[in-house]
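What follows is a single structure, written as structure tokens, with notes after it.
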Amino acid sequence: GAGVSQSPSNKVTEKGKDVELRCDPISGHTALYWYRQSLGQGLEFLIYFQGNSAPDKSGLPSDRFSAERTGGSVSTLTIQRTQQEDSAVYLCASSLGAGRVGETQYFGPGTRLLVL
Amino acid sequence: KQEVTQIPAALSVPEGENLVLNCSFTDSAIYNLQWFRQDPGKGLTSLLLIQSSQREQTSGRLNASLDKSSGRSTLYIAASQPGDSATYLCAVRAGTYKYIFGTGTRLKVLA
């Protein structure tokens, strides 16, 4: 079956522009996560969705970052007024929900963002 | 504040060798711990998930152990193969659904 997909796979933008990153989770997965991986850094948690609600937004780096999820499926991560330090790979993951099997996370291939 | 450390940062071994990767965390109040592998330019693949009440999980040539009281987990890879070459990441879930990742161990298995 289809895995987690993300688009675009690569995005080059100019400083100050807004960008929108998309994640399509595995069908039926209620939990969705966004992470950021900067060069030489570990994965940094950004936000978690259970259904359409985000009980934990603590990882969003600033108010320039926002995310939403609609229909319990597709999620978009929006970065406004991009800065060069936003350059990173943005990874999305989904899982069934809770419990040992349900919490196994399935990752998409990521969106590589470069802010010039 | 939960911190996750992985040692070594990089490891190179000949094919066929058994090896151990280490993961340590500072706060023992975790819900679960997961091990992932990441191939260059790709997303992560989940290998094993250990709940806080469990001591170990096994999948094929992989065995992961968890010692919450000492804040440690190990990933044991038996009879390593060149296809095992990747970066291995551990992550802990601490209470909420927030996962804290280590910076990984970059493994190279030489043919």
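Applying the Karplus relation 6.51 cos²θ - 1.76 cosθ + 1.60 with θ = phi - 60° to region B:75-89 yields 3J(HN,Hα) values of 10, 9, 10, 8, 6, 4, 10, x, x, 7, 4, 4, 9, 9, 10 Hz, where x marks Gly and Pro. FRET efficiency for the A:Asn10 to B:Asn63 pair, using the beta carbon distance and R₀ = 25 Å, is estimated at 0.10. Spherically averaged projected area of the convex hull of Cα atoms, the protein assembly as shown: 12.3 nm².
A straight Cα-to-Cα reach below 12 Å connects A:Lys15 with the aspartates and glutamates A:Glu85, A:Asp86, residues fewer than 8 places away in its own chain not being considered. Rolling a 1.4 Å probe over the protein heavy atoms leaves A:Glu68 with an accessible area of roughly 110 Å².
From most to least packed by mean Cβ count within 10 Å, the peptides B:101-110, A:71-80, A:88-97 give A:88-97, B:101-110, A:71-80. Where the centre of each part is set by its Cα atoms, how far does region A:37-116 sit from region B:50-106, in angstrom? Between the Cα centres of region A:37-116 and region B:50-106 lies a distance of 22 Å. Residue by residue, region B:3-16 carries 3J(HN,Hα) couplings of 10, 10, 10, 10, 9, x, 6, 8, 8, 10, 9, x, 4, x Hz when phi is fed to the Karplus relation 6.51 cos²θ - 1.76 cosθ + 1.60 (θ = phi - 60°); x denotes Gly or Pro.
Mind putting a number on the dipole of chain A about its Cα centre? Charges go on the C-beta only, +1 for Lys and Arg and -1 for Asp and Glu, and I need it in Debye to the nearest 20.
120
Can you tell me which lysines have their Cα less than 23 Å from the Cα of B:Lys1? Leave out same-chain residues fewer than eight positions away. Straight-distance partners of B:Lys1: A:Lys57, B:Lys68, B:Lys98.
Put A:Asp24, A:Asp18, A:Asp86 in order of accessible area, highest first, and with a 1.4 Å probe you get A:Asp18, A:Asp24, A:Asp86.
Highest mean first, how do B:32-44, B:58-70 rank when packing is the count of other Cβ atoms within 10 Å averaged over residues? Can you show the working numbers first?
Working: B:32-44: 18.8, B:58-70: 14.6.
Those peptides, ordered most packed to least, come out B:32-44, B:58-70.
Rolling a 1.4 angstrom probe over chain A with all protein chains present gives an accessible area of which 48% lies on carbon and sulfur atoms. List the longest stretch of chain A that has no exposed loop site; here a site is one of the trypsin sites (Lys or Arg not before Pro) assigned by DSSP to anything other than H, G, I, E or B, with at most 14 other Cβ within 10 Å. Between exposed loop sites, the widest span is A:18-56.
Remark: accessible area buried at the A-B interface is about 1700 Å², both chains counted, probe radius 1.4 Å.
Shape summary of chain B, radius of gyration then Dmax from alpha carbon positions: 13.3, 42 Å. When chain A is treated as a Gaussian network with alpha carbon springs shorter than 10 Å, the biggest mean-square fluctuation among A:Ser58, A:Ser27, A:Ser38 belongs to A:Ser58. Kirkwood radius, region A:1-109, all distinct C-alpha pairs, inverse of mean reciprocal distance: 14.1 Å. Counting only other chain Cβ atoms within 10 Å of each residue's Cβ, the peptide A:43-49 averages 4.
The values are calculated or read from the model by the stated rules, or taken from the named source; none is laboratory data. Since we're looking at a predicted model, the values are computed, not measured. Don't worry about glycine lacking a Cβ; one is built from the backbone with ideal geometry, like all the others, and counts go over all protein chains shown. These accessible areas exclude ligands, DNA and RNA; they are computed on the full protein's heavy atoms, side chains included. Shrake-Rupley method; radii C 1.70, N 1.55, O 1.52, S 1.80 Å.
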